[in-house]
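Asks: Okay, here's the structure, questions in a sec.
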Amino acid sequence: MPLENLFGSKGRLVLSALLVCAVILELAYCQEEAQQQKINPGRKPKPSITKLGRSTNKSPRAVTAKPKIKTTAPAQTFLTQVLNRGKFKKVVDSISVQSGDTLELRCRGKPVQWSVPKYLEEDDDEGRLSMVQQERYGVLTLVNTTGADTGEFSCYPMYCEDTDCRKEYDKAVKVFVFFPDPQELFVPSADYYEAIQLRTNWPTLLPCQVTSPQAKVTLHHPMAPPAPVIQASSSSVTAGENLRVSCSVVGEQDVAVEFTWDYPGQQIGRPLYTQDSISPVGGGAARQQSQSVLLVDEVRDVDQGTYTCTAQNLQGAKSVSTTVKVVPKAKPKKQKP
């Protein structure tokens, strides 16, 4: 049956309206596709298909944040000396603390580490040295100080990342502390036990550490053999008395001198008795006197003659002599009847 007979005149009007709407929609779709082709040439139009049973709304992916590392940068570091009665003094290159007094240094930073002379690191068995970290600064305390404590004290600020810390060597602060001691002018330096190699026409640094900044040090080089002096207790000795012959040398400290003797009684095997000693020489110079004394008990005629002393060091030897005369013992006078 024809559609116009089925729907009548009203049905024909509705059908015509539907066809017109379909044509308008198709034209709008074609214009949109043409516009997309102008923007993206060569792009094939994709059919708009809606999949059933699947949502087209996608949730955003979860992003895991990396943990932040907590860092602590050291602040500007400086050293302060704690004086009596709660006074403070910012230290410079060197300071002096009287031997026996307490040294207390404060180093700004959290945390800090300290460096002290090797003598204190190795021989602090009495617990004289303590290092404590406070809230904003570190404290170094040294009690019962001696001249041997003389040396360099350093403070190193620490750069920390969580629990991992390292020294900031370029930001270290240092101070050289003297502990003047009149009884102990010279002390070992940090490189005291190192070997020193001398080369011709090359400068050489010789370690010499003093406990006082006012001390003036001069290097002496003894290149000559010793100069001994000999002296007998008497040039004429009565038989039966005792004889002492001394031989002494004055020279540089720590320069060993060896003595040997030649004496008249040596020819008959008379034993040798000597007393050797070393004593410092006053006057401020580092000098000493080495001495050897030859003892002859109850001299006899065979002990008369020349006594020779030879003193020797690494540079050579020299001998000196003296002559001793033995006088017979006087005979007792006979009593007259």
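Asks: Tell me which residues, restricted to the range 278-288, are open to solvent by 60 Å² or more (accessible area, probe 1.4 Å) and either of a type outside the set (Lys, Arg) or modelled with pLDDT of 95 or more (or both).
Replies: 278, 280, 282, 283, 284
Asks: Just to be sure I understand the filter: pairs with C-beta atoms under 6 Å, separated by 6 or more residues or on different chains, first member in the range 106-119 and over 24 Å from residue 188 (Cα atoms), second member open to solvent by less than 40 Å² (accessible area, probe 1.4 Å) and not in a strand (DSSP E or B). Which pairs pass?
Replies: Between residues of the range 106-119 that are over 24 Å from residue 188 (Cα atoms) and residues that are open to solvent by less than 40 Å² (accessible area, probe 1.4 Å) and not in a strand (DSSP E or B), the close pairs are 108/77; 109/74; 109/77.
Asks: Report, by residue number, each residue of the range 123-155 that is part of a helix (DSSP H, G or I) and acidic (Asp, Glu).
Replies: 123, 149
Asks: Another question about this same structure. Could you check how many residues of the range 221-254 are in contact (Cβ under 8 Å) with a residue 40 or more places away in the chain, part of a loop (DSSP other than H, G, I, E, B) and open to solvent by 30 Å² or more (accessible area, probe 1.4 Å)?
Replies: Here the count works out to 10.
Asks: A further question on this structure: Being touching a strand residue (DSSP E or B) at 6+ places or on another chain (Cβ under 7 Å), more than 30 Å from residue 184 (Cβ to Cβ) and assigned to a strand (DSSP E or B), is that true of even one residue in the range 274-290?
Replies: Yes, the conditions are met somewhere in the range 274-290.
Asks: Name the residue that is least open to solvent (accessible area, probe 1.4 Å), counting only residues in the range 169-185 that are closer than 14 Å to residue 105 by Cβ and in a loop (DSSP other than H, G, I, E, B).
Replies: Result: 179.
Asks: Go through the residues of the range 257-264 one by one and say whether even a single one is open to solvent by 80 Å² or more (accessible area, probe 1.4 Å), within 20 Å of residue 318 (Cα to Cα) and without any contact (Cβ under 8 Å) to a residue 24 or more places away in the chain.
Replies: The answer is no, given that none of the residues of the range 257-264 is open to solvent by 80 Å² or more (accessible area, probe 1.4 Å), within 20 Å of residue 318 (Cα to Cα) and without any contact (Cβ under 8 Å) to a residue 24 or more places away in the chain.
Asks: Does the range 123-151 hold any residues that are within 20 Å of residue 83 (Cβ to Cβ) and open to solvent by 80 Å² or more (accessible area, probe 1.4 Å), and which are they?
Replies: The answer is 131, 134, 136, 144.
Asks: Now for a separate question. Taking the range 188-217 as the region of interest, how many residues are without any contact (Cβ under 8 Å) to a residue 60 or more places away in the chain, open to solvent by less than 100 Å² (accessible area, probe 1.4 Å) and either closer than 30 Å to residue 110 by Cβ or within 22 Å of the chain's Cα centre (by Cα) (or both)?
Replies: Of all residues in the range 188-217, those without any contact (Cβ under 8 Å) to a residue 60 or more places away in the chain come to 189, 191-209, 214-217.
Next, from what is left, pick out any that are open to solvent by less than 100 Å² (accessible area, probe 1.4 Å): 189, 191, 196, 204, 206-209, 215, 217.
Then drop every residue that is not either closer than 30 Å to residue 110 by Cβ or within 22 Å of the chain's Cα centre (by Cα) (or both), which leaves 189, 191, 196, 204, 206-209.
Of the residues in that region, 8 qualify.
Asks: Taking the criterion of being in a loop (DSSP other than H, G, I, E, B) and open to solvent by 50 Å² or more (accessible area, probe 1.4 Å), would at least one residue in the range 81-90 satisfy it?
Replies: yes
Asks: Open to solvent by less than 30 Å² (accessible area, probe 1.4 Å), part of a helix (DSSP H, G or I) and more than 22 Å from residue 214 (Cα to Cα): is that true of residue 120 in this structure?
Replies: Spelling it out, residue 120 is indeed open to solvent by less than 30 Å² (accessible area, probe 1.4 Å), part of a helix (DSSP H, G or I) and more than 22 Å from residue 214 (Cα to Cα).
The values are calculated or read from the model by the stated rules, or taken from the named source; none is laboratory data. Bear in mind the structure is a predicted one, so any value in this text is a computation, not a measurement. Cβ sites come from the backbone with ideal geometry, for glycine too, and all protein chains shown count toward neighbours. Only protein heavy atoms, including side chains, enter the accessible area calculation; ligands, DNA and RNA are left aside. Shrake-Rupley method; radii C 1.70, N 1.55, O 1.52, S 1.80 Å.
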